[in-house]
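Engineer: Below is the structure I would like to discuss, written out as structure tokens.
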Amino acid sequence: PSVVTIAIKGTRKVQQNPFFDDPFFERFFGQPQRPREREFGGGGSGVIVDGIQGYIITNHHVIDKADEIKVFLKDGGEYLAELIGSDPGTDIAVLKIDLAATIPQMSLGDSSLLRVGDFALAIGAPFGLSQTVTSGIISALGRPQMSSDGYGDFIQTDAAINPGNSGGALVDLRGQLIGINSAIYTRSGGNIGIGFAIPVNTVKNIMHQIIEFGSVKRGLLGVIISDINKDIAEQLGLEVEKGALIQEVSPNSAAEEAGLLVGDVITKINGEKTETSNDLRNAIGLKRSGESVEIIILRDNKEMTVSATLGELVTQEPVKADELNSLLAGAELADFIPEGKTKPQGVVILSVQPNSNAANARLKKGDIIWAVGNTSIANLDDFVALIKDKNILVLRVNRNGRQLIIQMRK
């Protein structure tokens, strides 16, 4: 009864194109530039974690862009939910419903105690079928995030997880929550026995921050790092082949204040091994700003211990490009601040709505705009000044290391 069904409604701007993107017609008539609003719906599952205050955990992607969120309980109760906050980096969101009486809540387990082979049950509303339970085992632990901008790792399970299970519960045989179901690996759109859940220990950390602050105050060390392999170890004379190699230390950062230097190899954070740069990113990104961490490093192949008080990774509110220039309608933008840096170095596209002007121009989520025409930009303010009232845009874009030129015209 502590697993609920979630339904959302929202609106998005879509591009009405009577020529079906046919280049022949676009040559004569151009691309239509007046996107219309269209309603959309969706849904998923959620888990009641506080039956007195009415707090519910779900996935960020379940409620993203929703104007209205409804929660349906097992007893037939229907509630409008308030979004307390969400964290795209871990795909966790916290909802709240107003309750007249206490309702059942789920007991939270400890995901650090999980072992491969443990039995697990997935509970949710796949394809809208509420209170569906499937069984399986823990297939693997510590699976990396599937998105480059995500934090934390995943529990892998073969318990059947399908569309609609997102935000639902992964529980052990004692009925304790061990994870929030988040994603599946599939080529058909359905379950093939590879599902992923966010470990409950990560959920607890993010949930408490969202309830307390309304957002996540993510830690920042202030270093640019890379993985170590055999070739790098030989070239630098390192006696280890695992760890996070510091390539750059940002001025006035927590790393600089702690005395970290370029060439240091970080091997542990608070006693936990950091064998890759992703391990370090997760270890820091899942801690709060202001928190002190103990860092074990190798410097000239000698082990040292330093302490650092983490700074705060600034998260920015996305800017709707519709408000800047209709050519970019459908895109959301923000300053691009590289990992470990404190100053922006361009503009990043956070999202692109399907069938929008931005989508038709072939812009994609994650694109980094670094110049307009031949003029480089440092931040969103520079970008806005260059595109305002323009009927033609030529954008220079970095897409996963590839340099592109994208042209747009009214």
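Engineer: Neighbour counts of other C-beta atoms within 10 Å: give me 315, 157 arranged from fewest to most.
Structural biologist: 315, 157
Engineer: On to the next question. Suppose each label sits 7 Å from its Cα in the direction of the beta carbon; what would the residue 115-residue 305 distance come out to in nanometres?
Structural biologist: Calculated label separation equals 3.0 nm.
Engineer: Going by how many other Cβ atoms sit within 10 Å of their own, how do 65, 302 line up, fewest first?
Structural biologist: Going from least to most buried by this count: 302, 65.
Engineer: Percent of alpha carbon pairs in the stretch 239-355 separated by more than 25 Å?
Structural biologist: Distances greater than 25 Å cover 36 percent of the Cα pairs.
Engineer: Given 0.36 nm per residue, what is the gain on full extension from residue 212 to residue 323 after removing their alpha carbon distance, in nm?
Structural biologist: 36.8 nm
Engineer: Assign one of three labels to the stretch 311-410, namely rounded, prolate or oblate, based on the Cα gyration tensor with a ≥ b ≥ c the square roots of its eigenvalues; rounded applies when a/c is under 1.5, prolate when it is not and a/b is larger than b/c, and oblate otherwise.
Structural biologist: Since a/c reaches 1.5 and a/b is larger than b/c, the shape of the stretch 311-410 is classed as prolate.
Engineer: Right, here's the next one. Tell me the label-point distance for the pair residue 176, residue 394, using the 7 Å Cα-to-Cβ offset, in nm and rounded to one decimal.
Structural biologist: Placing both labels 7 Å along Cα→Cβ, they lie 6.3 nm apart.
Engineer: Evaluate the relative contact order of the chain (contact order divided by residue number), counting alpha-carbon pairs under 8 angstrom at least 6 apart; express in whole percent.
Structural biologist: 11 percent
Engineer: Here's a follow-up. Rounded to the nearest 0.05, what FRET efficiency do residue 362 and residue 227 have when you use their Cβ-Cβ distance and R0 = 35 Å?
Structural biologist: Between residue 362 and residue 227 the formula returns 0.65.
Engineer: In the structure shown, do any of 96/268; 268/365; 365/390; 268/364; 65/268 have a Cα-Cα gap over 27 Å, and if so which?
Structural biologist: 96/268; 268/365; 268/364; 65/268
Engineer: Considering only 85, 290, 77, give the residue with the highest GNM mean-square fluctuation for the chain, with springs between Cα atoms whenever their separation is below 10 Å.
Structural biologist: Comparing 85, 290, 77 in the GNM, the peak value goes to 77.
Engineer: When 279, 67, 382 are ordered from fewest to most other Cβ atoms inside 10 Å of their Cβ, what list results?
Structural biologist: 67, 382, 279
Engineer: Relative contact order (percent) for the stretch 219-312, with alpha-carbon contacts under 8 angstrom and 6 or more residues of separation?
Structural biologist: Dividing the mean separation by the residue count of the stretch 219-312 yields 32 percent.
Engineer: Determine the principal axes of the Cα atoms in the chain, then give the extent along each, sorted from largest to smallest and rounded to whole angstroms.
Structural biologist: If we take the Cα atoms of the chain, the spans are 66, 64, 38 Å.
Every number in this text was worked out from the coordinates using simple rules, so none of it is lab data. Only a predicted model underlies this, so the values are computations on that prediction, with no experimental measurement involved. Note that each Cβ is placed from the backbone with ideal geometry, even for glycine, and that neighbours are counted across all protein chains shown.
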